[in-house]
Amino acid sequence: MFVDSHCHINFSDFDGESDALVARMAAANVTHAMCISVTYPEWPSVVALAERYANIYATAGVHPDYEDIEEPTVASLLERARHPKVQAIGETGLDYYRLQGDLEWQRERFRTHIRAARECGKPLVIHTRSASDDTLRLMREERAAEVGGVMHCFTETWEVASAALDLGFHISFSGIVSFKSAADLRDVAKRVPLERMLIETDAPYLAPVPFRGKRNEPSYVPHVAAAIAAVRETDAETIGRATSQNFFSLFRVDP
């Protein structure tokens, strides 16, 4: 059993393929997937997939990379979080890699998501890139530990992982952990407690070896588990079972 805890299968990369995509998931023993919201305009397509397939779930949020779009409010996030298939708030966080200049708007958007998550009691899906110090600071200031969640597509140091674990968060690994250049990340994957680990594809991005450079999809998530299993000296099935149970517990999904 494997679960893809973070994907974007509502994107146009997968237009007209949803039935085939879900069939390929089943063939690869990938039982569930979380389809992640990144803007309000595309949120209906996220929820539509969750409504169509019993094993697809959704989130509500606005990604930090998007400028000059409809800004989320606590009230608008809570409205979307009431949908019965929405299990988390996000994708949210900070990204100082793609954007430059005064990014206070990003920090305010992140605070808004944390406040909404605390109000509705649903976990957070957090993105951080080149912004770990501020990400952790805002998590502490806004009491994100009250709801917990996941640091998705983790690529930071063990020190950052340890701080997030101390706040009650899970650490999720994507196909990057299988890349030849990712030795430091594999060391983090070796050290994260198995009961606090998730795996994901971030599809359509970051396909794991042996599919690197191709379009990613949820059926490839067992290869992420295999890469982690190799450094932990276990098997992919063990990683799959543990991370699936973590997914069900964190997001309150009935397996």
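The values are calculated or read from the model by the stated rules, or taken from the named source; none is laboratory data. Since this is a predicted model, take the numbers as computed values, not measurements. A quick note on method: Cβ atoms are made from the backbone with ideal geometry, for glycine too, and the neighbour counts reach across all protein chains shown. Just the protein is used for accessible areas: all its heavy atoms, side chains included, with ligands, DNA and RNA removed. Shrake-Rupley method; radii C 1.70, N 1.55, O 1.52, S 1.80 Å.
The share of accessible area on the stretch 1-131 that comes from carbon and sulfur is 50 percent, using a 1.4 angstrom probe.
Our summary gives the stretch 142-238 a relative contact order of 24 percent, counting only alpha carbon pairs under 8 angstrom and 6 or more residues apart.
In the stretch 188-253, the portion of solvent-accessible area held by carbon and sulfur atoms comes to 49 percent [1.4 Å probe, whole percent, DNA, RNA and ligands not counted]. Restricting to DSSP loop positions (anything but H, G, I, E, B) with no more than 15 other Cβ atoms inside 10 Å of their own Cβ, which GluC sites (Glu not before Pro) remain in the stretch 1-90? Here the GluC sites (Glu not before Pro) that fit, given the DSSP loop and packing criteria, are E17, E42, E67, E70. Heavy-atom accessible area for L136, with the other protein chains in place and a 1.4 Å probe, reaches approximately 10 Å².
Could you please report the charge total around A203, scoring K, R as +1 and D, E as -1 over all other residues with beta-carbon less than 12 angstrom from its beta-carbon? Value of the local net charge: -3.
A simple spin-label model places the labels of V231 and R191 1.0 nm from each other, with each point 7 Å out along Cα-to-Cβ. Distance from the alpha carbon centroid of the stretch 161-229 to that of the stretch 100-135 works out to 22 angstrom. For the pair E42 and E159, a Förster radius of 45 Å applied to the C-beta separation gives a FRET efficiency near 0.85, rounded to the nearest 0.05. Per residue, the stretch 1-61 exposes 36 Å² of accessible surface when a 1.4 Å probe is rolled over the protein heavy atoms with every protein chain present. Note on surface exposure: Y66, Y40 rank Y66, Y40 by accessible area, highest first, 1.4 Å probe. A simple count of charges around D95, restricted to other residues whose Cβ falls under 12 Å of its Cβ and scoring Lys, Arg +1 and Asp, Glu -1, yields 0. A Förster distance of 30 Å, applied to the separation of the beta-carbon atoms of D15 and R98, puts the FRET efficiency at 0.75. Helical content alone sets the calculated 222 nm signal of the chain at -12000 deg cm²/dmol, taking -39,500 (n - 2.57) per DSSP H segment of four or more residues and averaging over every residue. The charge dipole of the stretch 86-210, taken about its Cα centre with unit charges on the Cβ atoms of Lys, Arg (+1), Asp and Glu (-1) only, comes to about 200 debye. Among the protein heavy atoms, those of H127 account for about 30 Å² of accessible surface (1.4 Å probe, every chain in place). Once all protein chains are placed together, I171 keeps about 0 Å² accessible to a 1.4 angstrom probe. Solvent-accessible surface of protein heavy atoms, probed at 1.4 angstrom with all chains present, puts W43, W105 in the order W105, W43, largest first.
Charge dipole (Cα centre; +1 on Lys/Arg Cβ, -1 on Asp/Glu Cβ; no other charges) of the chain amounts to roughly 620 debye.
With all protein chains kept in place, the per residue accessible area of the stretch 120-223 amounts to 40 square angstrom at a probe of 1.4 angstrom. Across the protein chains, with a 1.4 Å probe defining accessible surface, the residues T238, T92 rank T238, T92 from largest area downward.
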